[in-house]
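The values are calculated or read from the model by the stated rules, or taken from the named source; none is laboratory data. Fair warning: this is a prediction, and the values are worked out from it, not measured in the lab. Virtual Cβ from ideal backbone geometry, glycine too; neighbours counted across all protein chains shown.
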């Protein structure tokens, strides 16, 4: 499939913030992003889980949603989902062909991997006649390619330090960039723990003329149980009180699900009035691999995958281990991008695990095992290196005599850090679910 191959060739061009190229391409394509109502979901962490849950709610409400997320774990088709199905490779290849024909026409438009997949998603959603497009913002908000969509609802899930070179070195600066997805006269649902970030979001909403909804004042979330099998919680919104279960583990996932429920309530033009049964099914049936996902290979120990690629995500993983009684018991295979705050991640996560095996994530940006050992090894009670994630898992699956550990059952091995690392592990541990290996890179390296 030549267009998918060409897409992968764009992976090394890096990222570009700005709407000129995507806007010009969409104009040549007939403005497909305007053919369906859309929701933009941004934030530092939790935006993908929230988007996936909102899409699941739409399905259970009898709608046909389009879901666009990034990055992918194994195959690029994961980024574009209609209903509960990932885009077929042939359909994506055809859509990319239309995109490339548009940007190649004179004058040619320089295009990145993320811009190409975004435009292809717009075409596929428009062609499928989706009832709503749910778009996860890739980076920031104001200048992200998804922001050409005329969103009827905007959601900010969290504000924390990440991508500071592009977004700014303070929480207010990061918040203002992410608030660029707000729309005049339309609802904006926000959640931020730091008061300075919250103040910046309030100011941005007022400047944009958006109708602000602050999640902490509109939602009450109380976790009942947290385990590797999921999270049970009570939710109260201005419209309902309900008990819910999500298969996504962690108290933070209860909040992400709550944001999705409230988002649906704030967009009645699309979602109508959701019945309690549809809300419960939507939250319970969400699919979002690689985020505190427990895999049980036929041989060896269970493996818990989590793409916690910044300190806030690492803090959530450590909190989950504590809440589920696993703190200090699980070994960790860790790898991350050299340009990430690896020290901040390790400071939060390594004290919550029994030992750490440091491996390289996707080159060329992935830090080498030796670099990781030098930068973050001292945060672990015990740290060693392995060449790659599979070697790391194998090393932790055997004792010093080369035999499986005697504990029965053994605590799971955690694979965490870069989503690329998680995707590599998942492709080998759950190949039937992963759909095989990706022939190329994963584009603009947002994780």
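Observations, loosely collected:
- Total residues in segment 128-159, condition more than 23 Å from residue 194 (Cα to Cα) and either part of a loop (DSSP other than H, G, I, E, B) or without any contact (Cβ under 8 Å) to a residue 24 or more places away in the chain (or both): 9
- Among the residues of segment 247-289, those that are within 16 Å of the chain's Cα centre (by Cα), at negative phi and crowded, with 21+ Cβ neighbours inside 10 Å comprise 248, 249, 252, 253, 254, 255, 256, 257, 259, 260, 286, 288.
- Residue within segment 156-167 that is modelled with pLDDT of 95 or more, farther than 30 Å from residue 315 by Cα and in contact with a helix residue (DSSP H, G or I) (Cβ under 8 Å, 6 or more places away or on another chain) present: no
- Flag if residue 177 is surrounded by fewer than 17 Cβ atoms within 10 Å (Cβ to Cβ), in contact with a helix residue (DSSP H, G or I) (Cβ under 8 Å, 6 or more places away or on another chain) and not assigned by TED's automatic domain parsing to the domain that holds residue 311: no
- Residue in segment 99-107 that is buried (at least 23 other Cβ atoms within 10 Å of the Cβ), modelled with pLDDT of 95 or more, more than 21 Å from residue 259 (Cα to Cα) and over 23 Å from the mean Cα position of the chain (by Cα) present: yes
- Among the residues listed as 6, 79, 84, 28, the single one being touching a residue at least 40 places away in the same chain (Cβ under 8 Å), in the same structural domain as residue 126 (by TED's automatic domain parsing) and within 17 Å of residue 135 (Cβ to Cβ): 79
- Note on segment 319-353: residues that are more than 16 Å from residue 376 (Cα to Cα) and over 21 Å from the mean Cα position of the chain (by Cα) total 9.
- Qualifying positions in segment 290-318 - on the phi > 0 side of the Ramachandran plot and within 18 Å of the chain's Cα centre (by Cα): 290, 292
- For segment 418-444, filtering for residues that are at pLDDT 55 or above and assigned to a loop (DSSP other than H, G, I, E, B) leaves 2.
- Residue ID - modelled with the lowest pLDDT, chosen from residues in segment 294-320 that are in contact with a strand residue (DSSP E or B) (Cβ under 8 Å, 6 or more places away or on another chain) and assigned to a helix (DSSP H, G or I): 313
- Meets criteria (touching a helix residue (DSSP H, G or I) at 6+ places or on another chain (Cβ under 6 Å), surrounded by 19 or more Cβ atoms within 10 Å (Cβ to Cβ), modelled with pLDDT of 80 or more and not in a loop (DSSP other than H, G, I, E, B)) for residue 415: yes
- Condition met for residue 33 (modelled with pLDDT under 95, over 19 Å from residue 108 (Cβ atoms), outside any loop (DSSP other than H, G, I, E, B) and out of contact with any strand residue (DSSP E or B) (no Cβ under 6 Å at 6 or more places or on another chain)): no
- Residues that are modelled with pLDDT under 95, under 20 Å from residue 321 (Cα atoms) and either surrounded by 15 or more Cβ atoms within 10 Å (Cβ to Cβ) or under 22 Å from the mean Cα position of the chain (by Cα) (or both), drawn from segment 199-230: 223, 226, 227, 228, 229, 230
- Selection status of residue 274, in a loop (DSSP other than H, G, I, E, B) and not assigned by TED's automatic domain parsing to the domain that holds residue 395: yes
- Segment 3-30 - residue that is in a loop (DSSP other than H, G, I, E, B) and at pLDDT 95 or above and, of those, surrounded by the fewest Cβ atoms within 10 Å (Cβ to Cβ): 30
- Qualifying residue in segment 249-261 (condition: farther than 16 Å from residue 191 by Cα and touching a helix residue (DSSP H, G or I) at 6+ places or on another chain (Cβ under 9 Å)): yes
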